[in-house]
Amino acid sequence: MHRGKGMKFVGDSRIPAERKPNIPKDYSEYPGRTEAFWPNFLLKEWLVGAVFLIGFLVATAAHPSPLEQQADPTNASYIPLPDWYFLFLYQFLKYQYAGGDFIVLGAIVMPGLAFGALLLAPFLDRGPERRPTRRPIATGLMLLGVIATFWLTYESVSHVDYEQRSEQYGVKEEGEGPDINTDHPGYAVYEANCLSCHGDTLQGQGSNPSLLKTEKSVEEIKHIAKNGIGNMPSGVFNGSEEELQKLAEFIHSAATGGGKGGEKGSGGEGEGGSDSGSGH
């Protein structure tokens, strides 16, 4: 300090000496480095969230998710598929050390570590910088999680034949189903023995074929119902000879009479007849 120069104290009334509760700091002296959580930061988060929400709603309206058959616990032929947001885990469990004998490791341990790392990212990297390039730990974990999720989802979708699933498990439009005569005396027998595998309108379910296009006669249907055919074992039909006759006539008439089940004819699909007794 030179001679003749005095020491001066300068105060700024905008920065109080004592911190008072519920009064946010004045960040005008530090533009671009930090900001108040309310309302600046929270408003930006809301705007970004609104953009993604609107985009998601537009996507779902333009491409609605396909519906499949009603859940049936007795249909063992149905192959379930998780929703799109779980497909990456579904694909992950297909790998050698994530499924089978290592199912606990692939279903609980490894996903738990991955999601735990994302939850701990803000605590592992507590630097004041907001630029992604200057926060390598948090940025790296996030990029790794996003890339892995997208890649596993893509791999899962590429191995699924959605067109085939739509034909096999798709829900039929209202009014397209056959007109089945539920008053036919054989329908009660069908309902007790076959409905769980072939549906309430004989349309078939999963690998169980439709009974509406069968070309077997009544006697052939009776024979198949008792002795089985193909994947259908013998002895699955439980009923009297009279009930078996009614069942065969119902399936036969449903196939030849346009599904009305009221006329006698000469049809019944071989596998259909076989599956007519496949209700266990």
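Quick query: amide H of G170 versus all other amide H atoms, modeled in the peptide plane; which residues come in under 5 Å with a sequence gap of 5 or more or a different chain? Amide H neighbours of G170: none.
Classified by the C-alpha gyration tensor, segment 188-240 has a rounded form. Its axis ratio a/c, with a ≥ b ≥ c, is below 1.5. Shown is the FRET efficiency for L43 and T139, computed with R0 = 25 Å from the Cβ-Cβ distance and rounded to the nearest 0.05: 0.60. Expressed in units of 2.2 N^0.38 Å, where N is the residue count, the Cα radius of gyration of segment 79-170 is 1.38. The HN-Hα couplings worked out from phi for segment 95-100 by the Karplus form 6.51 cos²θ - 1.76 cosθ + 1.60 (θ = phi - 60°) are 6, 4, 9, 10, x, x Hz, whole numbers, x standing for Gly and Pro. Karplus-based coupling profile of segment 226-232, in residue order and whole Hz: 8, 9, x, 6, x, 7, 8, with θ = phi - 60° in 6.51 cos²θ - 1.76 cosθ + 1.60 and x standing for Gly or Pro. In order along segment 82-89, phi translates into HN-Hα couplings of x, 5, 4, 7, 10, 5, 5, 6 Hz, rounded to whole numbers, per the Karplus curve 6.51 cos²θ - 1.76 cosθ + 1.60 with θ = phi - 60° and x for Gly and Pro.
Read the figures in this text as sums done on the coordinates, not as results from a lab. On a predicted model such as this, the values are computed, not experimentally measured, just so you know. Cβ sites come from the backbone with ideal geometry, for glycine too, and all protein chains shown count toward neighbours.
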